[in-house]
Amino acid sequence: MKLTTIALALTATLGATAATADAFTIIPDQEVNSVVELGLVKSITGGTVEIRDFRLGTAGDVLGMTSVSAGANTDVRVNVGQEPLGDVLAVLLDANGNPVAEYEIDVVR
């Protein structure tokens, strides 16, 4: 009985944490386009999403950015100006500019 209570309390705590965490949802591969579609982005404090060049497997130049509000942001899209030359990295920055989540996006050429 005690073990079950502890397990339920731990599950509830972890579930609440996951629901409020900064995160990207699953982002599908992107066709070559000047707009990167991110779908749902969750942010605790609000902040900025940067799209960075990721052709060489490391975060490169910022190609585009957009602001997000605290909470769930649906249909987030970032204009990168021109078609990316390869894969990109989405980086979520909190209200203080600290990176809190990232997601590698495959760009299909």
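The values are calculated or read from the model by the stated rules, or taken from the named source; none is laboratory data. Please read all numbers here as calculations on a predicted model, not as lab measurements. Ideal geometry is used to build each Cβ from the backbone, glycine not excepted, and the neighbour counts take in all protein chains shown.
Kindly state which strands (runs of 3 or more DSSP E) lie completely within segment 22-81 and contain at least 1 residues that are touching a helix residue (DSSP H, G or I) at 6+ places or on another chain (Cβ under 9 Å) and of a type outside the set (Asp, Glu).
On the way: elements: 35-43, 47-53, 62-68, 71-79.
Counting at least 1 such residues, we get 35-43.
Would you check if ALA95 is modelled with pLDDT of 95 or more, among the hydrophobic types (A, V, I, L, M, F, W, C) and part of a strand (DSSP E or B)? Break it down into steps so the answer makes sense when it comes.
Values: modelled with pLDDT of 95 or more: yes; among the hydrophobic types (A, V, I, L, M, F, W, C): yes; part of a strand (DSSP E or B): no.
In short, no.
Yes/no matrix, rows are residues, columns are (1) aliphatic (A, V, I, L, M); (2) at pLDDT 95 or above; (3) loosely packed, with under 13 Cβ neighbours inside 10 Å:
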| site | (1), (2), (3) |
| --- | --- |
| ALA16 | yes, no, yes |
| ALA21 | yes, no, yes |
| ASP29 | no, no, yes |
| ILE44 | yes, yes, no |
| GLY47 | no, yes, no |
| ILE51 | yes, yes, no |
| MET65 | yes, yes, no |
| VAL68 | yes, yes, no |
Tell me which residues, restricted to segment 77-109, are touching a Leu at 6+ places or on another chain (Cβ under 7 Å), farther than 16 Å from GLU31 by Cα and aliphatic (A, V, I, L, M). VAL100, ALA101
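Does GLY81 count as exposed (fewer than 14 other Cβ atoms within 10 Å of the Cβ) and without any contact (Cβ under 8 Å) to a residue 12 or more places away in the chain?
On the way: exposed (fewer than 14 other Cβ atoms within 10 Å of the Cβ): yes; without any contact (Cβ under 8 Å) to a residue 12 or more places away in the chain: no.
Answer is no for this residue.
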Qualifying residues in segment 76-86 (those that are modelled with pLDDT of 95 or more and not basic (Lys, Arg)) - the one nearest to GLY39 (Cα to Cα): VAL76
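In segment 53-82, how many are charged (D, E, K, R) and touching a Gly at 6+ places or on another chain (Cβ under 6 Å)? Even if it seems obvious, please write down each step before you answer.
So the first thing to find is which residues in segment 53-82 are charged (D, E, K, R), and the list is 53, 55, 61, 75, 77.
Still in the list and also touching a Gly at 6+ places or on another chain (Cβ under 6 Å): 53, 55.
The qualifying residues number 2.
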